[in-house]
Amino acid sequence: MVINRTPVSCHGDLLKIAVLAKAVPDVKNVRLTMKENDIDTADLNFLINEQDSYALEEGLKLKEKFGGEVIVITAGGESRRKGMTQVVRECYAKGADRGIMIVDEAFQKLDDLARARVFSSLLMQEKPDVVICGSQSFDTATSRMGPMVAEFMGIPHASLITGLEPLEGGKAFRLSRDLEQGVQEILQIGAPCLLTTQTGINTPRYAALSKIIMATRKEIRTVSLPETGVAQGDIGKLDLVKVVSAGFPEEKASNVLILKGTPDEEAAQLVRSLREKGLLQR
Amino acid sequence: MTMLVVCEQRQGELKDVSLEMIAAARKTASEGEKVIALVMGSGVEKVAQFVAAHGPDEVVLVDRSELLYYTYDAYKHVLLNAIREARPEVVLSSYTSQGMDLFPGLAASTGMAMLSDCVNLSKKEGALSATRQLYGGKIEANYSLPLPCIVTVRQGAYTALPPQTPAPVRKEEVDFAGVELRTKVSGYETPPKEDVDIEKAKIVVSVGRGIEKKENLPVFEELVKSIDGAVLAGSRPIIDNGWLPKGRQVGVSGKTVRPKLYVALGISGAIQHLSGMSGSELIVAVNKDRDAPIFKVANIGVVDDIFKFVPALISELKKN
Ligand SMILES: Cc1cc2nc3c(=O)[nH]c(=O)nc-3n(C[C@H](O)[C@H](O)[C@H](O)COP(=O)(O)OP(=O)(O)OC[C@H]3O[C@@H](n4cnc5c(N)ncnc54)[C@H](O)[C@@H]3O)c2cc1C
Ligand SMILES: Nc1ncnc2c1ncn2[C@@H]1O[C@H](COP(=O)(O)O)[C@@H](O)[C@H]1O
């Protein structure tokens, strides 16, 4: 078997890297409320999707090695503009060169298949050598976007990568992919390609304070859905999966016994209960 | 009408979850609807025979050297053929690393609706409905997919059917002429053996990102020392950060443990973690967020700060 490569785009030796970074609501330690089949995000902070910070780091490392540029792309409804702006700025502060925000309320309501078409249309204008995204969004967690975008772009992909070693000056990669039970698959792929990162692939850098301040002044290109070049008809055909209802899951193991009191009291109750069950010696 | 179940094997070994998928299809299929199981690989005749005895109406076997390793291009090619032939209303497979890699692209390629990590499948009025979790398990939503569609199903959501009279296995020839394989797999790496076997331990104390930093580990190590037969394990981020060795990871991409007692400290309870420990006999969870999904599988819960609770627990254990 040989690796057949689609011709590499013409950027000389420099690498053009696109990173998809999603702004997701921070739901830790907050009481959520529902609104129109989703959570109400009005009072929530938005953060970069954790997985995407690994994707960005991998992109920045490639740029540092081979030269080139890192373009960050994020998308969401008008109500998420602030969160998305923060995400792009964070990426700027870490070293991203350009940011593109697709801001359109219509996007927010689309099924991922249609969203993937939107991303691929925009990406086809940019013609990157490598597209890197996270393997999963924290909020919707469907792990669909990367491979869908790759298929629409007509480029190969590899998902859940835990290791990346550039070959041929960054025009091909030796990868490890995360399978179950800690098994890693070793594979090779040629650029242009799309990779989705798994946690543990790297340790994302922190942004220096000076760069954070500079990042607030850097321009972000904002585009609407039609400006991505996506055909309206495509969106209609691909907007297929619909949310019917949403809410809080039933407490299935509602037999969970919540211990009450100070830490000392809780600890005493727990130890008593475990001793009764014969789980502790003595 | 048919449902097509895509089975998963690696190096001639069937993934148990594939039998759950056949059960899922059986349960979801309408009256008289045929369940076809697709087995592909190289030298996988035996796998097909085994699958045949677990509930499908028919097994389609595609056995070719190009399929020795999973590659998106080769598998997609086989699936496009199978879909063209069988015209399934639903293509169903497991939400595994392979499932994540293969089916979203197949949806983009065919224009079929696709959803992953589903449970509670049912068919009504030309649509498939499915339930899945969002926001790390804090929210649950019901979805509707127009037919034909593709779904990947959560492991453990359905129980495999007992062995029964085998269905016929039909070997299918697929022409690979002109198919480009744009990725090349060279093999697998398995994690090295560890000093401690967390799968054999009677008591597993597991720490999550709630411990914040490596420097905080000693207090949890002390807890483990004060419980006879206990070992220390962790959620994936703890292992990713290099705070504990790989062999101590609990979850889908780590180990599955079923101890008599599992203590989860500062672990949120993401599905990938739960699938590695929810079979434990007694689960104790300590988390400061009352809404953390870990409490949905816990038997005893403590809603508190681990840095306050664990020292209290250690001193309580030291009392007689
Ligand atoms: C393909 C794939 C495979 C994966 N495989 C695995 C796997 O095998 N194992 C695994 O574990 N994960 C796995 N994951 C990752 C998984 O999705 C979660 O990201 C991970 O389990 C979260 O770990 P955590 O609960 O420790 O961290 P978090 O989700 O960050 O949770 C930390 C928790 O600690 C609580 N907390 C914080 N501080 C305190 C305190 N002082 N006192 C008490 N509580 C506190 C918080 O309320 C929170 O609930 C996988 C993901 C993917 C996509
Ligand atoms: N709205 C979005 N904006 C930017 N990137 C996104 C968006 N949605 C998904 N992605 C990317 O796709 C990856 C997988 O997401 P998902 O398929 O939603 O689990 C994420 O980690 C992101 O890199």
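The values are calculated or read from the model by the stated rules, or taken from the named source; none is laboratory data. This structure is a prediction, so every number in the text was calculated from the model and none was measured. Don't worry about glycine lacking a Cβ; one is built from the backbone with ideal geometry, like all the others, and counts go over all protein chains shown. Areas reflect the complete protein model, heavy atoms only, side chains present, ligands, DNA and RNA absent. Shrake-Rupley method; radii C 1.70, N 1.55, O 1.52, S 1.80 Å.
The 3J(HN,Hα) values that the Karplus relation (6.51, -1.76, 1.60; θ = phi - 60°) gives for the range B:305-319 are, in residue order, 7, 4, 6, 9, 6, 5, x, 4, 5, 4, 5, 5, 5, 6, 5 Hz. Gly and Pro appear as x. Distance from the Cα centroid of the range A:40-99 to that of the range B:1-47 is 40 Å (rounded to whole angstrom).
For the range B:1-79, a crude dipole built from +1 on the beta carbon of Lys and Arg and -1 on the beta carbon of Asp and Glu, taken about the Cα centre, is about 80 debye to the nearest 20. Taken about its Cα centre, chain A carries a charge dipole of roughly 420 debye when the Cβ of each Lys and Arg holds +1 and the Cβ of each Asp and Glu holds -1. In units of the compact-protein estimate 2.2 N^0.38 Å, chain A shows a Cα radius of gyration of 1.17. Projecting the Cα atoms of A:A116, B:S65, B:L313 onto the dipole axis of the protein assembly as shown, where Lys and Arg carry +1 and Asp and Glu carry -1 at the beta carbon, places B:L313 farthest toward the positive end. Within 10 Å of the Cβ of each residue in B:92-100, the mean number of Cβ atoms contributed by other protein chains is 4. With the helix formula -39500 (n - 2.57) applied to DSSP H stretches of n ≥ 4, the protein assembly as shown reaches a computed 222 nm mean residue ellipticity of -8500 deg cm²/dmol. Backbone geometry of the range A:31-44 corresponds, through the Karplus equation with coefficients 6.51, -1.76 and 1.60 at θ = phi - 60°, to 3J(HN,Hα) couplings of 7, 7, 10, 9, 8, 6, 6, 8, 7, 7, 9, 3, 9, 9 Hz, x marking Gly and Pro.
The charge dipole of the range B:188-296, taken about its Cα centre with unit charges on the Cβ atoms of Lys, Arg (+1), Asp and Glu (-1) only, comes to about 200 debye. Proximity of backbone amide H atoms, modeled 1.01 Å from N, is registered between A:S159 and A:T196 at under 5 Å, excluding neighbours fewer than 5 places apart on the same chain. Using C-alpha pairs under 8 Å with a sequence gap of at least 6, the mean separation divided by the residue count of chain B gives a relative contact order of 14 percent. Taking chain A as a Gaussian network of alpha-carbon nodes connected by springs under 10 Å, the highest mean-square fluctuation of the residues A:L60, A:L240, A:L160 belongs to A:L240.
Protection proxy ranking for A:204-214, A:124-134, B:44-54, using the average of other Cβ atoms within 10 Å per residue and placing the highest first: A:124-134, B:44-54, A:204-214. When the C-alpha to C-alpha distance is required to be over 28 Å, the pairs from A:K171/B:K214; A:K22/B:K138; A:K277/B:K138; A:K171/B:K76; B:K138/B:K225; A:K82/B:K246 that qualify are A:K171/B:K214; A:K277/B:K138; B:K138/B:K225; A:K82/B:K246. Under 19 Å of direct C-alpha separation, and excluding same-chain neighbours fewer than eight residues apart, B:K124 reaches these lysines: A:K242, B:K27, B:K34. Among B:P162, B:P146, B:P88, the largest mean-square fluctuation in a Gaussian network model of chain B, built with springs joining Cα atoms closer than 10 Å, belongs to B:P162. When chain B is treated as a GNM with alpha-carbon contacts under 10 Å, the residue of B:A86, B:A264, B:A285 showing the greatest mean-square fluctuation is B:A86. In order along the range B:28-33, the phi-based Karplus estimate (6.51 cos²θ - 1.76 cosθ + 1.60, θ = phi - 60°) of 3J(HN,Hα) comes to 8, 4, 6, 3, x, 6 Hz; Gly and Pro are listed as x. Which of the three applies to the protein assembly as shown, rounded, prolate or oblate, going by the alpha-carbon gyration tensor with a ≥ b ≥ c and a/c under 1.5 meaning rounded? Oblate is the answer for the protein assembly as shown, as a/c is 1.5 or above yet b/c matches or exceeds a/b.
Considering only A:S137, A:S210, A:T196, and ranking their Cα positions along the charge dipole of chain A that arises from unit charges at the beta-carbon of Lys, Arg, Asp and Glu, the one farthest toward the positive end is A:S210. Our note on the geometry: Cα centres of the range A:137-214 and the range B:127-187, 23 Å apart. Here, the range B:203-308 has an Rg and a Dmax of 12.1, 31 Å when only alpha carbons are counted. Rolling a 1.4 Å probe over the protein heavy atoms leaves B:V78 with an accessible area of roughly 0 Å². In whole angstrom, note down how far apart the Cα centers of the range B:200-251 and the range B:288-320 are. Cα centroid to Cα centroid, the span is 15 Å. On the basis of the beta-carbon distance and an R0 of 30 Å, B:R290 and B:S315 show a calculated FRET efficiency of 0.75. By DSSP, the beta bridges lying fully in chain B are antiparallel in about 25 percent of cases. In terms of its C-alpha gyration tensor, chain B comes out prolate, because a/c is 1.5 or above and the ratio a/b outweighs b/c. Averaged over the residues of peptide B:174-186, the number of Cβ atoms from other protein chains lying within 10 Å of each residue's Cβ is 5. Counted over the protein assembly as shown, the DSSP beta bridges are approximately 35% antiparallel. A cut-off of 5 Å between modelled amide H atoms, ignoring neighbours fewer than 5 places along the same chain, links A:L257 with B:I300, B:G301.
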